[in-house]
1. Using unit Cβ charges (K, R positive; D, E negative) and no other charged atoms, how large, in debye to the nearest 20, is the dipole of the range 96-180 about its Cα centre?
2. If I stretch the segment between residue 146 and residue 75 completely, what's the gain in nm (0.36 nm per residue apart, minus their alpha carbon distance), one decimal?
3. What residues qualify as long-range amide H neighbours of residue 129, i.e. H under 5 Å apart, gap of 5 or more or another chain, H built at 1.01 Å from N?
4. List, in order, the whole-Hz ³J(HN,Hα) value for each residue of the range 71-82 obtained from phi through the Karplus relation with A = 6.51, B = -1.76, C = 1.60 and θ = phi - 60°; use x for Gly and Pro.
5. Give the long-range amide H neighbours of residue 64: residues separated by 5 or more places, or on another chain, with amide H under 5 Å away, using H modelled in the peptide plane at 1.01 Å from N.
6. At 0.36 nm per residue, minus the direct Cα-Cα distance, what do residue 154 and residue 118 gain on full extension? Give it in nm, one decimal, please.
7. Extension gain residue 66-residue 109, at 0.36 nm per residue separation less the Cα-Cα distance, in nm?
8. Return the distance in nm (one decimal) between the two label points of a simple spin-label model at residue 174 and residue 43, each offset 7 Å from Cα along Cα→Cβ.
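Just so it is clear, none of the values below were taken in a lab; they were calculated from the coordinates. Owing to the predicted nature of the structure, the values given are computational and were not obtained by experimental measurement. Positions of Cβ are generated from backbone atoms using ideal geometry, with glycine treated the same way; all protein chains shown enter the neighbour counts.
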Amino acid sequence: MYVPKESQQKQQGTAVKARDGEKGGKRKIVAQNKKARHDYAIVDTYEAGIVLSGTEVKSLREGRTSLTDGFVQIDGNEAWLHNAHIPEYNQGTWTNHSVRRKRKLLLHRAEIDQLEAKSQETGHTIVPLAIYFKDGRAKAEIALARGKKEYDKRQTLREQQDRRESDRAIAAAKRKQRGQ
């Protein structure tokens, strides 16, 4: 079956078309924080630019980054990304960056104020979900999230498993129907 090249997605989700209403083109995802979606209930998401040095950008382009321990903190009306692991650039010299330094996030003032107000509420935090390149610029997808309890995590896993089983049953019924 022929599928036009425009509608194909690259394997492993490395490039995704822009969502409806978004300007710009494709996103080349460098790192995702899958653990955050498991541990937190996502309330709202934001796209932020990241202030990086040259060797950090080159290291990001190599794709070896981890966000598992990362978090966002609002300090003095500025958003900062803490504990994001961007390894040193292999060909870097004395100008190389430190691996876990805090990095400034670029957001609008209204977004920062909104995040700060909501993160003060009990149980809310700001976590990074992904780092990607969009139109050649490094971006971070951050989310205002509420921590899940252990039973919430089990419930979510159970719902996903039930959904998968029902999809399999429907697909099997369709295959059986086509076979007759």
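1. On the way: 23 positive and 12 negative charges, 100 e Å.
Approximately 480 debye in magnitude.
2. Going from the current span to full extension adds 23.6 nm.
3. 141, 142, 143
4. 8, 10, 10, 9, 10, x, 6, 10, 9, 10, 9, 9
5. none
6. So the chain would gain 10.3 nm between residue 154 and residue 118.
7. Gain on extension, residue 66 to residue 109, equals 12.7 nm.
8. Here the modelled spin labels are 3.8 nm apart.
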